[in-house]
């Protein structure tokens, strides 16, 4: 694999909602094994940007390129719909803020994890179940719960199940939208520790949208700070948090307790 | 590290760093005003300015934690020069992984992560296999007198001195060619300070280039091969 071509490259990505700006003229490179955090307050455009990068939202302008396993660079925004769906099922994973958006609530925990494997062609029931149980272990869900429906799980368990369902296919790029949002603090700490280990052990590349600067300190190598749809500052995570340059970043950093 | 033995491992030229506090009326704090420094393999340079004069700022700038406005910070990384002021983020990460170790007095504690994992983290990031990393981690924790029963616990509940010793184990576990030491012995007892002095001597024997701030005069005298001030000339040792 050519190490000098980024995994994901975006240029001039803009998205307007009528006259309102969702995001404007955003460019970024994501390298293999790198975790990029996108921070900003509600309405800063970070979720819009994530939607555009992951092919779920059509930008008004700009390009997004993804380097596939065979090193071919694909134009994400101009891919035929079936190819994009296949990409979303295989090389990409999406972790939604609300686990209910990423899970199928009416089937068992094991089936939720196994389903993504079956979509890739796995047919051997025993092996699929084995992989599902293995992943429940990895996200610290009791394997006895493999046949239970996610509806009976706590929100923290649901979020961990969504992560297992997403990572079981070993995606090369994971998009996460506020993965720790709405969870109790102790549950957040457990999930962060889990994500941190998975990112290191699997060498995941990920883009994480969050308003929680402490989350980025733990998980992200680099940060983009967004305000009003535009990137106002970027750099290594500790650079942005310890020596913020832009007035807005300084305000963000000085407004939280020990980021 | 390859390259000429007479080349500095770290070269700082004309470094300027001013902080602008936008949330406090845009106050400007000029801290570094044209700092020059060269550090060669096998020497330990002690910065002797009084506190508040920018020693930490310089060390953080060299680690690319702070972003200077002007000047160069050239380090010898994988046998070629890298300017930390202008290098791309992923190059900075590579320099931190393989070339520069930074040790401060404060441990950034992560909830739920056991002490031993905190210590071996830099080696794992470097790509060293887990067994080797664990062996070195255990040896270093024992050397720094952290009781074995604490190794599997998160340092969250440790005393300040224990956390600092965990941080030192983490800081010294890698064989970095360059070390930045920001008050590494600040709140340690006498016995622990002596161990840190030994660790620094070990690094010097490996021909590491070291620059640091050592508030403790005894430690400074024991480790420094040369003393300098940020904006002046060589100071008396």
Label model pair residue B:128, residue B:27: point-to-point distance (7 angstrom along the Cα→beta-carbon line) in nm is 4.3 nm
Within 10 Å of the Cβ of an average residue in B:109-117, the count of other chain Cβ atoms is 3
The percentage of Cα-Cα pairs in the protein assembly as shown separated by more than 29 Å is 56 percent
One can check that the equivalent ellipsoid of region A:176-231, built from the alpha-carbon gyration tensor with semi-axes equal to the square roots of five times its eigenvalues, has lengths in Å, largest first, of 20, 15, 8
Highest GNM mean-square fluctuation among B:122, B:114, B:155, for chain B with Cα springs under 10 Å, belongs to B:114
For peptide A:240-249, the mean count of other chain Cβ atoms within 10 Å per residue Cβ is 3
Checked region B:1-125 against the a/c 1.5 cut and the a/b vs b/c comparison, axes a ≥ b ≥ c from its Cα gyration tensor; verdict oblate
The helix A:109-119 Cα axis meets the longest alpha-carbon principal axis of chain A at an angle in degrees, between 0 and 90 and rounded to 10, of 80 degrees
If each part is reduced to its alpha-carbon centroid, region A:72-123 and region B:148-163 end up apart, in Å, by 41 Å
Check: C-alpha center region A:23-50 vs C-alpha center region A:203-259, spacing in Å is 10 Å
Checking rank on A:112-120, B:165-173, B:140-148, with mean other Cβ inside 10 Å and highest first, the result is B:165-173, A:112-120, B:140-148
Each label sits 7 Å from Cα toward the beta-carbon; between residue B:49 and residue A:129 the label points are separated, in nm, by 6.8 nm
A correct fewest-to-most ranking of A:198, A:224 by other Cβ atoms within 10 Å would be A:198, A:224
Between residue B:217 and residue A:25, Cβ-based FRET efficiency (R0 41 Å, step 0.05) works out to 0.15
Measuring from the longest principal axis of the C-alpha atoms of chain A, the long axis of helix A:185-202 (C-alpha) lies at a number of degrees, nearest 10, equal to 90 degrees
Note: A:183-193 gets an average of partner chain Cβ contacts (10 Å, Cβ to Cβ) equal to 2
Helix B:130-143 sits off the longest principal axis of the Cα atoms of chain B, rounded to the nearest 10 on a 0 to 90 degree scale, by 90 degrees
Whole-Å distance linking the alpha carbon centroid of region B:193-210 with that of region B:31-105 is 19 Å
In terms of the alpha carbon gyration tensor, root eigenvalues a ≥ b ≥ c, rounded if a/c is under 1.5 and otherwise prolate when a/b exceeds b/c or oblate, region A:163-202 is prolate
In nm², the average projected area of the convex hull spanned by the Cα atoms of chain A is 14.2 nm²
Per its Cα gyration tensor (rounded if a/c is under 1.5, else prolate when a/b beats b/c, else oblate), region B:105-188 is best filed as oblate
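Any read-out appearing in this document is the output of simple, stated calculations on the displayed coordinates, not a laboratory observation. Quick caveat: nothing in here was measured; it's all calculated off a predicted structure. Because the Cβ atoms are built from the backbone with ideal geometry, glycine has one as well, and the counts that use them run over all protein chains shown.
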